[in-house]
1. Can you sort 139, 13, 235, 180 by how many other beta carbons sit within 10 Å, fewest first?
2. How many percent of Cα pairs in segment 177-272 exceed 16 Å?
3. What whole number of Å gives the distance from the Cα centroid of segment 291-319 to the Cα centroid of segment 108-123?
4. Roughly how far apart, in whole Å, are the Cα centres of segment 202-234 and segment 135-152?
5. Mean projection of the alpha-carbon convex hull of segment 6-317 over all orientations, in nm²?
6. What is the fewest-to-most order of 189, 35 by other Cβ atoms lying within 10 Å of their Cβ?
7. If you place +1 on the Cβ of every Lys and Arg and -1 on the Cβ of every Asp and Glu, how big does the dipole about the Cα centre of the chain come out, in debye to the nearest 20?
8. For residue 243, list long-range residues whose amide hydrogen, built 1.01 Å from N in the peptide plane, is under 5 Å from its own amide hydrogen.
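Coordinate-derived values only; no laboratory data. No experiment lies behind these values; they were computed from the predicted model shown. Here Cβ is always computed from backbone atoms with ideal geometry, including for glycine, and neighbour counts include all displayed protein chains.
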Amino acid sequence: MANLSTSYLGLTLKNPLIAASSGITSKVKNLIELEKKGVSAIVLKSLFEEEIVTEMKDNFNKMGNQGFLYPETLDFYEHDTLEEESSVKYLELIREAKKNIEIPVIASINCVTAGQWTYFPKEIQNAGADALELNLFILPTDLKRSSQENEQVYFSIIEEVKKQVSIPIAVKTSYYFSNLLQMLTRISESGIQGLVMFNRFYSPDIDIEKLEITNGYVLSHPEDLSLTLRWIAVLAERVSCDLAATTGIHGSKELIKVLLAGANVGEIASVLYSQGFDSITKMLQELDSWMEVKSYASIDDFRGILSQANISSPAAYERVQFMKYFKGYKE
Ligand SMILES: Cc1cc2nc3c(=O)[nH]c(=O)nc-3n(C[C@H](O)[C@H](O)[C@H](O)COP(=O)(O)O)c2cc1C
């Protein structure tokens, strides 16, 4: 057996495969099963900022008036779709997880403002979470807000959360920035310990028979890896924080690729839904066999050897036009 251990957010992990945040990681029985199948850490289902703030219903009108809440959030309240005690249940989930599994438990909060919810990370830390993943995304659809204003929100949130906790913080981000590399580098320098690239978002689709808006593809496909792979490779060696790759890891091949590009770990969700939890064991066995064939004794022996900084033709990651390489493709 090769040594699959790696480090992420200052935690020593037995291998580089983490269960990403999803509905699956909201149930303790699943967490126990995921650990048995071999994942090295688990990111719990995100608690939404709106769910935390729900518990402050008394302050609701005041917050709305002060612009802390987005219209979508106000909508949530009006339709009363949130369980009143979600945040209490979330702390219970963390405590139960810590009681039942030995691998690190990473809590996750989805947030879009640096508003009143930011007291809550301390509760998460007190409940025993080993780290916190901040799931940050502001879809830039408000024409009145400048890019700088949108970007500043990320830093304000990180700053507020950092004041509350001493556990490591990872930021899970999107790729919707005009200068992605600069933004990710700035986030990495904001005192966090890891970047998780990239989140997968709910996307609308259209049913042309019913003329209705429907859900787009919820689960990813292995082809979706290419975006993650490029930016992990470009960012590795450029930032001092750790990198987690997510979106498109469906098998050992994709996991090996992101490690070669420089990721510390891969986070998986879709494959757990589409192929079940046995896919974890298979991926880890295949990673081990591949390392044996290549004579790598540990993950560090090959991690990042194909990052942009470590290859002789770094332009390979910057190529965006098909022109020269696919001239004549299936003509
Ligand atoms: C059904 C489902 C629910 C998810 N819920 C969350 C969530 O609550 N918080 C979060 O940060 N990511 C969530 N994700 C995104 C996953 O954590 C993961 O980053 C993304 O799906 C890309 O990985 P994959 O290609 O392995 O699916 C969810 C994904 C799926 C498929």
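1. The most exposed by this proxy come first: 139, 180, 13, 235.
2. In whole percent, the share of Cα-Cα pairs in segment 177-272 beyond 16 Å is 58.
3. 37
4. 21
5. So the mean shadow area of the Cα hull is 17.4 nm².
6. Going from sparsest to densest Cβ surroundings: 189, 35.
7. It comes to approximately 1080 debye.
8. Amide H neighbours of residue 243: 195, 264, 265.
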